[in-house]
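Visitor: Pasting in a structure now, in C-alpha cells, and then I'll have a few things to ask.
The values are calculated or read from the model by the stated rules, or taken from the named source; none is laboratory data. Since the structure is predicted, the reported quantities are computational estimates derived from the model, not experimental observations. Note that we place each Cβ from the backbone using ideal geometry, even for glycine, and neighbour counts take in every protein chain shown.
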C-alpha cells in the first residue's frame, strides 16, 4: 500500500480564492450570477454527500437536505461575495465538524483597509464581554457589551453562529472563533459606524460611539508570536511544558528539533526527580500526530496504540478528485486492504498495512513518573483531542480549565476543493481518524476537564491567568 497522507488540520484554517480584487465594493456588489451559483451550490451539496466521513454524526440526512433545499430556494437574484459566503458557510456549518469550512480569505483580503468593529468578544456564562483590540481601546476590555448599533449582542451572536464551524455540541470553541469577531460582525452588518451599549465598571449602562479600525490593523494588534513548544523550570520540583501547536511535526527538520527538545526536557525531569509537571495545551488547535505520539511516549508507563482506523466514506476517487486543489495528493481507495467499520472503508492494523499509527508504540524508558496537571480550553482541537483522549484512556493526568473541542476521533484529510464557478475553496474531510481508545467515554461537547475553571471578566483586562494560577496553588499545596 502506498503511504497514506495523515494530516490533522489546524482549527485555524487559511483559505484562498482564485479571484482577486482591489475595491472593497466588490464585497457587496452582486457579481456572482444566480444560475451559475445554483449549479455550483448543487455540486457542493453532492460533493459533500459523496466524501464527508462524519457528515451525519451531529446532523441527520433529513436535516441536512432540508437546510440545503431551503438555502437553494432562497437564491432569487445574483449574489455578492459576502452573500455567497453566507450561503455556503451555513450549509457546511450545519454538519458541525471543526474541519469543515468555507473560504474567507478573499473577504479578509478586501477587508484589509476597511474600518471594522474594533474588538473581539468573549463569552462567559451567558454574557458577552469586550476583549482584544488595539492599545487605545484597552480600557474597555472586560466590560460587558449589551448592544451594537441598537441590536442585542445575543441576537447578533445567534446569527453569526450560522457561519461558525465547531465540533459537535461544543460551545467553548466559540471564544476561539470570536478572536476574529470583527470579520463576523461585518458579515452580519457591513458598516463602519458603531454605537455600543455596555456596562461600565460600576455596572451602569453606557452608550458610546466607537471608531472603527482597519481590519489589518486589528489582526496585527491581536496576533502573538508564540513558539510551538516552551518549557519552564519554576523549581526543581515543578516544571511547565507548554505545547501551543503540534504543527512543528509536519516536516522532518522541525519534527527532529521538537523531538530533541522533548528528549532534553524529560531527561532533565528524570535527573531532577521532579514531582509536578504542568502540561499546558490551551489553544493548541492540532497538527502532526507524530509529535503528539512522541510526547505521549514520555507520559505513559506502557506500550500503546495510536489509531484504530482511518476510514473513508467513498469507494473511489474518480468522480470527484478533479475538484481537489491538489488532486495528485488524493489516492484511490484499495478496497482489498480495507474493512467496513461504522459505515466507512477503513484501513486498520493488518499485515498489509505498514504505517506507524496502526502499530504498537513503545513508551520511553525514562517516562515521566510524577504528577501531571493538564490545562485545556476550547482552543484545543484535532490532534490535541487525540492526545487528551489517550491520556484519559490510560488515566494519565488531571485536566483543568474548560471543555475542549477535540475528542478520540477527527474528520480530516488535509484537502481543499475548488468550486468550479466562483473558485471558492472549501475544506471537506476525506477520512475519519479514530483513536484506539476502547474505554474512552465520548461526550458530544468535547473532552471535559476534571476541574472546571472559568475565567472572570476582569481577567480579560488584567491578563490574569486564572487556570494556571489555580493549578500552581494546587501543586504548592500538595508539596
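Visitor: Testing residue 110 on (1) assigned to a helix (DSSP H, G or I); (2) more than 20 Å from residue 314 (Cβ to Cβ); (3) at pLDDT 95 or above; (4) over 22 Å from the mean Cα position of the chain (by Cα), one condition comes back false. Which one is that?
Guide: Residue 110 satisfies all of (1) assigned to a helix (DSSP H, G or I); (2) more than 20 Å from residue 314 (Cβ to Cβ); (3) at pLDDT 95 or above; (4) over 22 Å from the mean Cα position of the chain (by Cα) except (3).
Visitor: Now a separate question. How about region 313-328: which of its residues are touching a residue at least 60 places away in the same chain (Cβ under 8 Å) and either in the same structural domain as residue 395 (by TED's automatic domain parsing) or in a loop (DSSP other than H, G, I, E, B) (or both)?
Guide: Across region 313-328, the qualifying residues are 313, 314, 319, 320, 325, 326.
Visitor: Taking region 133-163, which residues are in contact with a helix residue (DSSP H, G or I) (Cβ under 7 Å, 6 or more places away or on another chain) and surrounded by fewer than 17 Cβ atoms within 10 Å (Cβ to Cβ)?
Guide: Listed by number, the residues that qualify are 134, 159, 162.
Visitor: Of all residues in region 113-127, which are part of a strand (DSSP E or B) and under 22 Å from the mean Cα position of the chain (by Cα)?
Guide: Of everything in region 113-127, those that are part of a strand (DSSP E or B) and under 22 Å from the mean Cα position of the chain (by Cα) turn out to be 121, 122, 123, 124.
Visitor: Also, I was wondering about something else. When the residues of region 132-158 are narrowed to those that are farther than 24 Å from residue 217 by Cβ and not in a strand (DSSP E or B), which ends up nearest to the chain's Cα centre (by Cα)?
Guide: Among them, the one singled out is 158.
Visitor: Out of all the residues in region 399-431, which are modelled with pLDDT of 95 or more and under 30 Å from residue 456 (Cα atoms)?
Guide: 399, 400, 401, 402, 403, 404, 407, 408
Visitor: Sticking with this structure for a sec: Scan 30, 34, 61, 73 and give me the residue that is surrounded by fewer than 16 Cβ atoms within 10 Å (Cβ to Cβ), under 15 Å from residue 93 (Cα atoms) and free of Cβ contacts under 8 Å to residues at least 60 places away in the same chain. Break it down into steps so the answer makes sense when it comes.
Guide: Working: 30 fails: under 15 Å from residue 93 (Cα atoms); 34 fails: under 15 Å from residue 93 (Cα atoms); 73 fails: under 15 Å from residue 93 (Cα atoms).
Residue meeting the stated conditions: 61.
Visitor: Right, here's the next one. Across region 223-269, what is the number of residues that are in contact with a helix residue (DSSP H, G or I) (Cβ under 8 Å, 6 or more places away or on another chain), assigned to a loop (DSSP other than H, G, I, E, B) and within 15 Å of residue 288 (Cα to Cα)?
Guide: Residues meeting the conditions: 1.
Visitor: Filter region 335-346 down to the residues that are surrounded by 13 or more Cβ atoms within 10 Å (Cβ to Cβ) and either at pLDDT 95 or above or in a loop (DSSP other than H, G, I, E, B) (or both) and list them by number.
Guide: If the condition is that a residue be surrounded by 13 or more Cβ atoms within 10 Å (Cβ to Cβ) and either at pLDDT 95 or above or in a loop (DSSP other than H, G, I, E, B) (or both), then 338, 342, 344, 345, 346 are the ones that fit.
Visitor: Give the residues of region 416-460 that are crowded, with 18+ Cβ neighbours inside 10 Å and under 17 Å from residue 309 (Cβ atoms), sorted by residue number.
Guide: Scanning region 416-460 gives 429, 430, 431, 432, 433, 434, 435, 436, 437.
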